[in-house]
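The values are calculated or read from the model by the stated rules, or taken from the named source; none is laboratory data. Source: prediction; values computed, not measured. So basically every Cβ, Gly included, is an ideal-geometry build from the backbone, and we count neighbours across all protein chains shown.
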Amino acid sequence: MNHIHILDESTINKIAAGEVVERPASIIKELIENSIDADSTAITIEIREGGKSYIRVADNGRGMSFQDARMSFERHATSKISSVDDLQNIDTLGFRGEALASIAAVTQMEMITRERDSLSGIHIVNHGGKIISEKEIGCPEGTTIITRNLFFNTPARLKFLKSSRTETAYISDLIGKLILAHPEISFRYINNGRTIYYSTGDGKLQNAILSIYGKDVVDQIIPIKPTDTTFNIKLWGYLGKPSLARKNRNYQSFFINGRYIKSSLLAETIEAAYKPYLTVNLFPWIILHIEINPSTIDVNVHPAKIEVRFREEEQVRQFIYQQISKILRENPYIPELNEGAIDTLVVRNNSSMSIDIDEGQNSEQLEVFSSTYATDTYRFSFEEPLKNVYILDPNKSTLSSKDFEKQKNHDKNNTDIASINHEHQDNNITSSITIPFKIVGKIFSTYIVVESKEECFLVDQHAAHERLLFEKYKKLLSEQAVMTQQLLPPVIIEVTHEEQIIINESMDLFESLGFEIEVFGGRSYAIRGVPMVLGSSNVKEFFRELLDNIEVYKPGDSYMLKIDDIIRMSCKAAVKAGDKLSEREILALLKDLIDKNIPLTCPHGRPIMISLTKNQLEKMFKRIQ
């Protein structure tokens, strides 16, 4: 009995459609690429319900004759290549001739097209790969493709599509990339009757960026001036300043000969050039156009045509790295000071504390605790504890306050370091703040040195304060008692359409975290309130970080993911390495570490303090064996 047989044409088309049509965004990509190849100067894209129920792509390109329009529904029918030799020098976006046949196989499609200089056009209806009707009609020059009910004849594949919101986000991201790829074309993108993106098509990439990302981004970009070389590679586009760096690579756009691609080679090269300017886990913002001889690349790698291979990878890598590095060196980045970013520095005579040290001691590395509003000058030596500061029991070396419970009960002013206020702070050391060891000083403007009889500790002021804020905010969040701080004036943030979808779907989440957000027109939002724990941090920067990560939120996992947000909030608001703390603030910080019995690591897992015993020191100095 024979087991092998030839599949029928309908099944073959549906299998082929699986390679081309993964989701609604795949259909839009193929149709727009056809419109671009047809020399269109204006393209309109309209969708409903994430493209699952309705997609319309209309252009003013060359259009098609009656015979070409009918032939376009056949598999491997194309006007872009004629032989295998043409695959070595592809200069169009499409070339396989599979798109329309594959799309028609899984949708209910209509085509309306009119060739330039023709008196009339043609209207063809194709359902599931079969032409239902065709007739001559009057219509504008160009081509309009309408698809309805995606996967109507393959319901199993329909179940694998995401929600309408998610599919819309994929489409919005794709159209944004295509607008950036072709600033010479005017795009209009409509979602459920509302215009999302509109680009003028004036050929200026900066205006295309403005239509997608808004003015805030345009003010922070550096042009890549067109550069021709002996390697026949031309670069142009824009680099984002380090202030635009994000937590993921979604804001990196690479184009080769007008084709949007994803390339680990290009991403790694760009990130290597940015390495001296960015902290870890941040990725540069970039729009990079590469014009190169088509014969030196291979775009026939993947059905989606989004991957490209270079014939001379190392040469391309070195050239791009050199050019990007040169631009960054020639445009040194100096962060702008935001209004309200720092408090006014108040200096008064006779207001500092000092420590008597040997003349040979490096005074720049050993800091004293200055009291901004203190009226007296105190002097103490290393041999003397601070006034009202107690020494640990000789038999104990851990930070514990059990033996000082009586003293603690007498405290009349239990200062909370989580609410440090640098403007109105009584810095006089009184009996209201006591800790069970001696404060020696501070080194490198970061580490507080404290001493017991047989042990000394180095405390990282940023890590310690960060942990305290983290624990405080986590408790407020679990008790649903998060306090909101009003912003005057509110912070206005402009977002992409994908980010707009995320914000609209996550309003309850933001409210639970302590944000007050309202629509401000278009793709702009007014942030009128932020969590109190966020303090005076850069609200716009912090909010963008939340958007970079919020896509991973899933039902049932919200609390664990909120913990990540708490970590970021506490880190933003905590005192930083190098911040000047008064002696009262240091005492309050150390007291909270003791009284609140928190884990001795910051929320990121770094240690808050390290210890060194007298015995270890004596071994280092060879006093003992």
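Before moving on, here are some points about what is shown:
- Pro183 meets each of the listed conditions (1) in contact with a strand residue (DSSP E or B) (Cβ under 9 Å, 6 or more places away or on another chain); (2) closer than 19 Å to Thr41 by Cβ; (3) crowded, with 19+ Cβ neighbours inside 10 Å apart from (1).
- The residue that is surrounded by the most Cβ atoms within 10 Å (Cβ to Cβ), counting only those in the range 607-625 that are of a type in the set (S, T, N, Q) and touching an Asp or Glu at 6+ places or on another chain (Cβ under 6 Å), is Ser611.
- When the residues of the range 269-298 are filtered to those that are among the hydrophobic types (A, V, I, L, M, F, W, C) and part of a loop (DSSP other than H, G, I, E, B), the one that is modelled with the highest pLDDT is Trp285.
- Considering the conditions (1) out of contact with any Pro (no Cβ under 7 Å at 6 or more places or on another chain); (2) farther than 27 Å from Gly50 by Cβ; (3) of a type in the set (A, V, I, L, M, F, W, C), Leu205 is excluded by exactly one of them, (1).
- Residues that are at positive phi and not aromatic (Phe, Trp, Tyr), drawn from the range 135-181: Gly142, Asn149
Here's the yes/no breakdown for (1) modelled with pLDDT of 95 or more; (2) more than 19 Å from the chain's Cα centre (by Cα):
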site: Glu167; (1), (2): no, yes
site: Leu174; (1), (2): no, no
site: Ile179; (1), (2): yes, yes
site: Asn192; (1), (2): no, yes
site: Thr200; (1), (2): no, yes
site: Gly214; (1), (2): no, no
site: Gln220; (1), (2): no, no
site: Ile224; (1), (2): no, yes
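Table: residues versus (1) assigned to a strand (DSSP E or B); (2) touching a Pro at 6+ places or on another chain (Cβ under 9 Å); (3) without any contact (Cβ under 8 Å) to a residue 12 or more places away in the chain.
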site: Leu476; (1), (2), (3): no, yes, no
site: Val491; (1), (2), (3): yes, no, no
site: Glu499; (1), (2), (3): no, no, no
site: Ser512; (1), (2), (3): no, no, no
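- Residue in the range 442-457 that is without any contact (Cβ under 8 Å) to a residue 60 or more places away in the chain, outside the structural domain of Met609 (by TED's automatic domain parsing) and either of a type in the set (Val, Ile, Thr) or on the phi < 0 side of the Ramachandran plot (or both) present: no
- Annotation: of all residues in the range 34-71 being of a type outside the set (Gly, Ala, Ser) and at positive phi, the one that is farthest from the chain's Cα centre (by Cα) is Asp39.
- Beta carbons closer than 8 Å, at least 6 apart along the sequence or on distinct chains, pair a first residue in the range 306-329 that is more than 15 Å from Lys275 (Cβ to Cβ) with a second that is of a type in the set (D, E, K, R) and at pLDDT below 90 for Ile306/Lys262; Glu307/Lys262; Val308/Arg259; Val308/Asp298; Arg309/Asp298; Arg311/Asp298.
- The residues of the range 487-509 that are under 23 Å from Ser243 (Cβ atoms) and not charged (D, E, K, R), listed by number, are Leu487, Pro489, Pro490, Val491, Ile492, Ile493, Val495, Thr496, His497, Gln500, Ile502, Ile503.
- When Ser163 is tested against (1) at pLDDT below 90; (2) closer than 26 Å to Asp39 by Cα, just one condition goes unmet, and that condition is (2).
- Within the range 514-530, tally of residues that are within 23 Å of Tyr213 (Cβ to Cβ), in contact with a strand residue (DSSP E or B) (Cβ under 9 Å, 6 or more places away or on another chain) and not in a strand (DSSP E or B): 4
- Residue match in the range 19-33 (condition: touching a helix residue (DSSP H, G or I) at 6+ places or on another chain (Cβ under 9 Å) and on the phi > 0 side of the Ramachandran plot): no
- Being touching a strand residue (DSSP E or B) at 6+ places or on another chain (Cβ under 9 Å), crowded, with 19+ Cβ neighbours inside 10 Å and either outside any strand (DSSP E or B) or of a type outside the set (A, V, I, L, M, F, W, C) (or both) is a description that does not apply to Ile196.
- Filtered residue count, the range 475-497, keeping only those that are buried (at least 19 other Cβ atoms within 10 Å of the Cβ) and modelled with pLDDT under 85: 1
- Considering the conditions (1) of a type outside the set (Val, Ile, Thr); (2) touching a helix residue (DSSP H, G or I) at 6+ places or on another chain (Cβ under 7 Å); (3) modelled with pLDDT of 90 or more, Gly129 is excluded by exactly one of them, (3).
- Qualifying residue in the range 159-178 (condition: in contact with a helix residue (DSSP H, G or I) (Cβ under 7 Å, 6 or more places away or on another chain), surrounded by 15 or more Cβ atoms within 10 Å (Cβ to Cβ) and not in a helix (DSSP H, G or I)): yes
- Residues located in the range 183-221, provided they are free of Cβ contacts under 8 Å to residues at least 40 places away in the same chain and among the basic types (Lys, Arg): Arg194, Lys204
- If you go through the range 220-243 and keep only what is crowded, with 20+ Cβ neighbours inside 10 Å, closer than 22 Å to Asp548 by Cβ and among the hydrophobic types (A, V, I, L, M, F, W, C), you end up with Ile221, Leu239.
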